[in-house]
Every structure is written in structure tokens, then in C-alpha cells.
Amino acid sequence: MKIREFEIDNDFDIIKDWITDERTHAMWSANHLIYPLDKSNLQQILSEIKEMFGDKAFVAVTDEGSVVGFYCYSLNNTTNEGMLKFVVVSPQVRGKGVAGEMIKLALKDAFDNPNANAVHLNVFPENIRAKKFYEKIGFKERRTDENAFMFKDEAWGRCNMVISKLL
């Protein structure tokens, strides 16, 4: 597997149907993106987070050339912490180690920058499978804000998790 920059014209049609219901979409994007995923909206949001935070979007690609994962990453040069956002893998590869391999490659790339001391992300604690996945990779819970996000009649917390660079 390798990581390369996301190319909206080539990759959007591959990733657009990976999330098939509104609740899962909200857990993935915190409703920063419209549901169902829309190319122009994604392009706009990616442009905005690049402008505001320096985010770049990436895809994970198998040795055979299939796009199987997507995420965004930026480094805050004030705190020396990177941030992962919008992490998702193809439904066909979930539970097969692909997400773990993708995140390990993302962390390797992040920590190749000598200024990056840690990488963090936010996950909803209600997304039990995702939270356990990040814990298995080595992310530790830093803090949880209760009732930080509303989805219909549900109030979700927001858990910030961090992994530090191994010295």
C-alpha cells in the first residue's frame, strides 16, 4: 500500500458511495460535508481547510492500484501537532487491516517531519468501533467534551485522541 494526494477528478467517484447512511456520514464528517457526499461541496470544504489549516487530502492505494482509503492531514506549526480528519476506508476492506495500515503510513509521513511531535484526531465516543480502532493503533484519549454534537435527537460527545512521536 502507498499514500498519494487525493485527486478529486479521478478519486471522487470511487469514494463517494463509501458511506451509505446519514448517521454514519455524520459520524465521519461531523456534518462538515453534505449528505450524500457531493463533489463540489467536498472540493469547497477541502479548499477551505487547506486555506485555514494547511490540510491536504490523501488516498491509500493498494499495490494493484485500487483506492481503498481517504483522509486529510495538516500540521499546526505553533503546537507542532498534526491532525487527521475525515478518515474512511472502502466498505469492501473494512475489518481487513487496511485502515490500520493506512493510518500507520499517515503517521509515518507525519512524523517524518521533524517538527511534528504528535498527531491528534477527534472521534465521537458513540462510534465505538472507530474509537477502539484508534486505541489499538496507539492513540490515547486526551479529553472528551460531552454533548458536543447534535445528530437529530442524539447528543454525541467529542473525544480528542493523540499519539506522540516515538523518540
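The values are calculated or read from the model by the stated rules, or taken from the named source; none is laboratory data. If you're wondering where the values come from, they're calculated on a predicted model, not measured in any experiment. Cβ placement follows ideal geometry from the backbone for every residue including glycine, while neighbour counts extend to all protein chains displayed. In case anyone asks, the SASA skips ligands and DNA or RNA and just uses the protein heavy atoms, side chains included. Shrake-Rupley method; radii C 1.70, N 1.55, O 1.52, S 1.80 Å.
Among the residues making up the stretch 5-22, those that are of a type outside the set (Val, Ile, Thr), open to solvent by less than 30 Å² (accessible area, probe 1.4 Å) and either within 15 Å of LYS85 (Cβ to Cβ) or in a helix (DSSP H, G or I) (or both) are PHE6, ASP11, PHE12.
The condition of being touching a Cys at 6+ places or on another chain (Cβ under 9 Å) and either at pLDDT below 95 or among the small types (Gly, Ala, Ser) (or both) holds for only one of ALA30, ALA57, that being ALA57.
Exactly one of these conditions fails for PHE58: (1) out of contact with any strand residue (DSSP E or B) (no Cβ under 6 Å at 6 or more places or on another chain); (2) open to solvent by 30 Å² or more (accessible area, probe 1.4 Å); (3) within 22 Å of ASP9 (Cβ to Cβ). Give me its number. Every condition holds for PHE58 apart from (1).
Looking at this structure, is PHE86 at pLDDT 95 or above, of a type in the set (A, V, I, L, M, F, W, C) and open to solvent by 40 Å² or more (accessible area, probe 1.4 Å)?
Numbers: at pLDDT 95 or above: yes; of a type in the set (A, V, I, L, M, F, W, C): yes; open to solvent by 40 Å² or more (accessible area, probe 1.4 Å): no.
Here the answer is no, as PHE86 does not meet what is asked.
Please pick out the residue among ASN160, ASN117 that is among the polar types (S, T, N, Q) and either surrounded by 18 or more Cβ atoms within 10 Å (Cβ to Cβ) or farther than 17 Å from TRP28 by Cα (or both). Spell out the reasoning first.
Numbers: ASN160 fails: either surrounded by 18 or more Cβ atoms within 10 Å (Cβ to Cβ) or farther than 17 Å from TRP28 by Cα (or both).
Criteria check complete, one pass: ASN117.
Got at least one residue in the stretch 72-89 being aromatic (Phe, Trp, Tyr), touching a residue at least 12 places away in the same chain (Cβ under 8 Å) and more than 21 Å from CYS159 (Cα to Cα)? For the stretch 72-89, residues aromatic (Phe, Trp, Tyr), touching a residue at least 12 places away in the same chain (Cβ under 8 Å) and more than 21 Å from CYS159 (Cα to Cα): absent.
Every test in (1) surrounded by fewer than 19 Cβ atoms within 10 Å (Cβ to Cβ); (2) small (Gly, Ala, Ser); (3) at pLDDT 95 or above is passed by GLY95 save one, and that test is (3). Checked against the criterion of being part of a helix (DSSP H, G or I), open to solvent by 70 Å² or more (accessible area, probe 1.4 Å) and touching a residue at least 60 places away in the same chain (Cβ under 8 Å), the candidates ASP63, ASP109 yield just one match: ASP109. PHE149 fulfils the conditions (1) of a type outside the set (Gly, Ala, Ser); (2) surrounded by fewer than 15 Cβ atoms within 10 Å (Cβ to Cβ); (3) in a strand (DSSP E or B); (4) in contact (Cβ under 8 Å) with a residue 12 or more places away in the chain except for a single criterion, (2). For the stretch 23-46, the tally of residues that are over 15 Å from VAL88 (Cα atoms), open to solvent by 60 Å² or more (accessible area, probe 1.4 Å) and assigned to a helix (DSSP H, G or I) stands at 4.
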